[in-house]
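Any read-out appearing in this document is the output of simple, stated calculations on the displayed coordinates, not a laboratory observation. Owing to the predicted nature of the structure, the values given are computational and were not obtained by experimental measurement. When we count neighbours, we look across all protein chains shown, and the Cβ atoms used for this are built from the backbone with ideal geometry, even at glycine.
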Amino acid sequence: MSEAGAWGYELTFLFATAFRAAVDDLHRELAAQGFDDVRPSHGYAFQKLSFGGATGIELAEHLDITKQAATQMIDYLEGRGYVERRPHPSDGRGKLVVLTERGWACIRATEAQFVAMERRWRERLGEQEAERLTQSMRDIVRSFGEGTAKFRPVW
């Protein structure tokens, strides 16, 4: 039994460790493909922007950060060619932040890496065990209740 198991939180520790390892693996692969300036928090921003863009305020709310922090992130991503600001279609004073082709290319590379990771895990576990684990993870996520288990960064 590991120390974490002896303390009564081995499963929690293993989830956290597996998540961190997956994120590190993803970003090593992204860097190898030329996306070495993308950080984990940017993926959460891309996720929001992939549904037609967002205002800075909407992005801040999605990421649970201040408007100023969202503006800094947008500036960073825009400076590196991942996003661009466009006139908002319904608010003449506002700006809509949208993904550029480079942003979409990063999303496609991320998706391909996720598929490759899952394929490796399924090969390692076997299809039946992988399906059981997937269902167990769904149950755990649902147990957090509606609206509380959001896909956003842990700051």
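Some observations on this one:
- Distance from the Cα centroid of the range 102-119 to that of the range 12-43 is 11 Å (rounded to whole angstrom).
- Normalising the average separation of contacting C-alpha pairs (under 8 angstrom, six or more residues apart) by the number of residues puts the relative contact order of the chain at 20 percent.
- Cα long-axis angle, helix 67-79 against the chain (0 to 90 degrees, to the nearest 10): 80 degrees
- Contour minus Cα-Cα distance for D36 and R102 (0.36 nm per residue): 22.5 nm
- Most to least packed among 131-140, 65-74 [average Cβ atoms within 10 Å]: 65-74, 131-140
- Degrees separating the helix 10-32 axis from the principal Cα axis of the chain, which is the longest one: 50 degrees
- With the convex hull of its Cα atoms as the shape, the range 11-143 has an orientation-averaged projected area of 9.7 nm².
- Net charge dipole size for the chain [Lys, Arg +1 and Asp, Glu -1 on Cβ; Debye, nearest 20]: 380 debye
- Considering helices alone, the calculated mean residue ellipticity of the chain at 222 nm is -21000 deg cm²/dmol, with DSSP H runs of length four and up weighted by -39500 (n - 2.57) and normalised per residue.
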